Structure formats: structure tokens, C-alpha cells
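> Below: one structure in C-alpha cells.
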Amino acid sequence: MTGTAPGDGPGTPARGDGTTRRRGRPPRTESAGTRDRILDAAREEFSARGYEKTSVRGIAKSAGVDSALVHHYFGTKEQVFEAAVEVAFAPAFTARDTILDGPVEEAGERMTRMIIGLWESPVSRAPLLAIVRSAVNNEIAAGVFRRLIAGQLLRRIAGQLDVPDAELRAELAAAQLVGIAMIRYVIRVEPLASADAEQIIRRVAPVVQGHLTGR
């Protein structure tokens with residue numbers, strides 16, 4: 001008689017590909033992969049449905065796991081969203097300390113190039129679109145977005161500016177770049193949507209520099 005593999009019993013939910021969704025905590029060897037799979041599924045769900053219509057159950061179903069695992073790794077839907085934001089903006093958070101690492105008169109170009117580069121990359125563009133769309137349409141998502149961007153990016157940049165209104169300057173610089181990202185990548189208004197990225201950087205960097213260090 002053929003034995004039944006663990007997790008293949010009648011109480012284990014099936015996925016659309018014929019495999020089974022596992023309940024409870026996975027073995028330690030599977031933890032990292034499971035967490036990443038949940039995050040990938042969350043970004044897809046937030047992108048397709050927005051924050052309000054996305055549910056932990058839907059994320060779990062898309063990831064092929066039980067809802068309890070989503071709660072185990074991340075907690076609430078808000079915390080899942082926050083983790084997705086952190087992953088999407090990880091390159092920006094990593095590069096934040098190098099924006100003013102060099103001639104201060106070139107800081108605007110470094111900041112512009114970093115942000116435009118994030119949006120130009122196919123790898124980071126999709127999760128960024130999901131996050132921005134959710135933040136625009138839902139106050140909880142917007143709060144998560146503000147908290148992370150202000151705390152982990154803008155205040156660190158402001159801390160490197162030797163001016164009395166450093167936080168305002170950093171926020172104005174960010175607003176310039178966020179506005180361009182919205183028009184170019186989200187709303188896709190022409191001719192900005194199809195303009196060469198280097199041309200945009202050349203035109204925008206001096207404006208960002210003015211926000212950071214101009215009189």
C-alpha cells in the first residue's frame with residue numbers, strides 16, 4: 001500500500017497547480033524561501049488589487065501557504081505592506097548615506113540618479129508601482145510609506161545638509177522626484193513617459209540641487 005506523504009491528507013488545502021498548501025510553521029530550511037514567496041505574492045496582490053482589496057488570505061493563497069504563516073512572518077496586512085515597502089526601497093535605503101558622500105554640489109545629481117534608476121529598473125519598478133498606487137488610495141498604506149521614507153531616507157539625507165531648514169529641503173527634493181515618477185511611470189504622460197532617462201536626469205538634477213543647497 002502506498003503511504004500518504006505528510007501534508008497530503010484531506011485537511012490540507014490544495015493549490016491550483018495540484019500541490020498542497022502547508023499549514024503552520026515550515027521547517028527552518030524552508031523559512032527564507034517561504035518568507036520571500038509571501039513577499040512576492042504580497043507585492044503582486046497589492047499591485048493588482050490595491051491595499052484595501054488585498055487580504056492576508058488572498059496573499060496566502062497566491063503564495064501557496066496557509067494564512068497562519070503570513071501572520072507568523074509578518075503579523076497584520078499593514079505589516080506585510082511595510083515589509084514590501086522596505087524590500088522595494090532597499091536600494092535607496094542602502095544608498096542614502098552616499099548621496100552626500102562626495103562634492104556637495106553634485107548631491108542633487110546623485111539623488112536624482114538614484115531615484116530615477118530605481119524606477120528605470122524592471123526589477124524594482126513593479127513593486128514600486130504597487131506601493132505608490134496603494135499609498136495614493138489608502139491612508140493606512142500612505143502612513144506606512146511616509147513613516148519609512150521620512151525615517152529611513154529623508155531624515156538621514158537632511159542630517160548631512162549643513163543648512164537650518166534641512167528637513168524641508170530634503171522633502172522638497174524628494175517631492176520633485178516623486179512628482180516626476182508619478183507622471184512618467186504611473187500616469188505615463190507624454191512626452192515625459194518616453195523621454196530618455198539621462199535627459200531627465202540632466203534637466204532635473206540642478207533643480208534637486210537647488211532644493212538641497214540653493215539659497
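> Could you sort the peptides 81-90, 156-165 by per-residue average Cβ neighbour count (10 Å cutoff), highest mean leading?
In decreasing order of mean packing, 81-90, 156-165 become 81-90, 156-165.
> Going 7 Å from the Cα of Val104 in the Cα-to-Cβ direction, what parts of region 183-215 have a backbone nitrogen less than 18 Å from that spot?
Answer for region 183-215: 206-215.
> Something else: Once neighbouring chains are kept in place and the probe is 1.4 Å, which whole percent of the accessible area of region 32-87 is contributed by carbon and sulfur?
Reported share for carbon and sulfur atoms: 44 percent.
> Could you check the spin-label model distance between Arg155 and Leu168? Points 7 Å from the Cα along Cα→Cβ, value in nm.
Going from the Arg155 label point to the Leu168 one covers 1.9 nm.
> Additional query: Under 8 Å for C-alpha pairs, at least 6 residues apart: give me the relative contact order for region 90-188, rounded to a whole percent.
28 percent
> Using 0.36 nm per residue, how much length does the chain from Ala90 to Glu139 gain when fully extended, once their Cα-Cα distance is taken away?
Full-extension gain reported as 15.4 nm.
> Compute the FRET efficiency between Ala68 and Arg147 as 1/(1 + (r/R0)^6), taking r as their Cβ-Cβ distance and R0 = 35 Å, and round to the nearest 0.05.
For R0 = 35 Å, the calculated efficiency reads 0.85.
> Sticking with this one: So if each residue of separation counts as 0.36 nm, and I subtract the Cα-Cα distance between Glu190 and Val207, what length gain in nm does that give?
Extra length from Glu190 to Val207 when fully extended: 4.0 nm.
> Mind grabbing the accessible area of Ile187 for me, 1.4 Å probe, Å², rounded to tens?
Estimated to the nearest 10 Å², Ile187 gives 110 Å².
The values are calculated or read from the model by the stated rules, or taken from the named source; none is laboratory data. Just so you know, these numbers come straight off a predicted model, no measurement behind them. Ideal geometry is used to build each Cβ from the backbone, glycine not excepted, and the neighbour counts take in all protein chains shown. Just so you know, the surface numbers come from the protein's heavy atoms only, side chains and all, with ligands and any DNA or RNA stripped out. Shrake-Rupley method; radii C 1.70, N 1.55, O 1.52, S 1.80 Å.
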